[in-house]
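Below: one structure, written as C-alpha cells.
Read-outs throughout are calculated quantities, based only on the coordinates presented, and are distinct from any laboratory measurement. On a predicted model such as this, the values are computed, not experimentally measured, just so you know. Cβ: placed from backbone, ideal geometry, glycine included. Neighbour counts: every protein chain shown.
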Amino acid sequence: MSVTFTPIDVRGANRAEFMRFMTRSSFPFHIPVNPTDDDVAATIDSGLYDKRTSLWVEEEEHGRIGMAVLANVTSTTPKFDLRLASRYRGRGLGAPILSALTSLVFTEHPSTNRFEGQTREDNIAMRKVFLRSGFVKEAHRRDGWPVEGGAALAAVSYAILRRDWVSGTTTTFDWEDLRVS
C-alpha cells in the first residue's frame, strides 16, 4: 500500500474541498461527531489550522481517503489528528497510514524525538492501530476526553520514539515503577 500526503490550504484554495470532506463523514470519536458547514467554517476562521500542518491522506488504490493534522510539527514532540472518510474505516488502512505519517514526521523534522497521538478509551480500532504501528501507551487520563451528549471518557495517549522508529523496535517501561509500602 502506497500512502502519500498533500498539503491542504484550509483558508485558501482547498477551503471548500476541506469543508466538504469534514461534513460528509461522521467522526464518532470527535466533537462534533457530525460537523456542519458552520462548525467547520468557524474552526477554520478561528485560526486553529493556521499553526498546524494539514495534509490530505491519499492512497494509490482509493485516492483521497482522509486527512491528517500535525500540531507542533517543529517541536521535539509533534502530535497528530487523523480522520478517514467513513467508507475507508475498518479496511486495515490505519496502520499503514500512521506508519507513513510517522516516517514523514521523522524524515522531514530531524529535531523530532517522539511523535504522539491520543484517542478515546473506547476507540479500540485506533488503539490497535497505534500498537501495530510501534507506538507505546504512555498515558490513560481518566475523564480526559469530552463526549458529545455524554459523560467524559478517558483519553489514551500513545507515542513512538525516534530511536524505536530507526531501529524497528518498541521500548516499553514499567507502569507501576513506584509502589507505596
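Computed values, structure above
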| read-out | value |
| --- | --- |
| Residue within the stretch 70-79 that is on the phi > 0 side of the Ramachandran plot and of a type in the set (S, T, N, Q) present | yes |
| Number of the condition not met by residue 82 [criteria: (1) assigned to a loop (DSSP other than H, G, I, E, B); (2) closer than 23 Å to residue 24 by Cβ] | (1) |
| Any hit, the stretch 57-67, residues being small (Gly, Ala, Ser), within 28 Å of residue 95 (Cβ to Cβ) and either out of contact with any Phe, Trp or Tyr (no Cβ under 9 Å at 6 or more places or on another chain) or not in a strand (DSSP E or B) (or both) | yes |
| Hits in the stretch 138-170 (condition: of a type outside the set (Phe, Trp, Tyr), surrounded by 13 or more Cβ atoms within 10 Å (Cβ to Cβ) and not in a strand (DSSP E or B)) | 162, 164, 170 |
| So residue 77, is it in a loop (DSSP other than H, G, I, E, B), within 28 Å of residue 10 (Cα to Cα) and among the hydroxyl-bearing types (Ser, Thr, Tyr) | yes |
| Residue satisfying all of: in the stretch 18-47; in a loop (DSSP other than H, G, I, E, B) and hydrophobic (A, V, I, L, M, F, W, C); surrounded by the most Cβ atoms within 10 Å (Cβ to Cβ) among these | 27 |
| Hey, residue 181 exposed (fewer than 11 other Cβ atoms within 10 Å of the Cβ) and either under 30 Å from residue 21 (Cα atoms) or among the hydroxyl-bearing types (Ser, Thr, Tyr) (or both) or not | yes |
| Some residue of the stretch 91-114 being among the basic types (Lys, Arg), more than 11 Å from residue 158 (Cα to Cα) and in contact (Cβ under 8 Å) with a residue 12 or more places away in the chain | no |
| Residue identified as touching a Pro at 6+ places or on another chain (Cβ under 8 Å), among the hydrophobic types (A, V, I, L, M, F, W, C) and surrounded by 13 or more Cβ atoms within 10 Å (Cβ to Cβ) among 115, 80, 135, 106 | 115 |
| Residues being touching a Ser or Thr at 6+ places or on another chain (Cβ under 8 Å) and without any contact (Cβ under 8 Å) to a residue 12 or more places away in the chain - total across the stretch 40-63 | 0 |
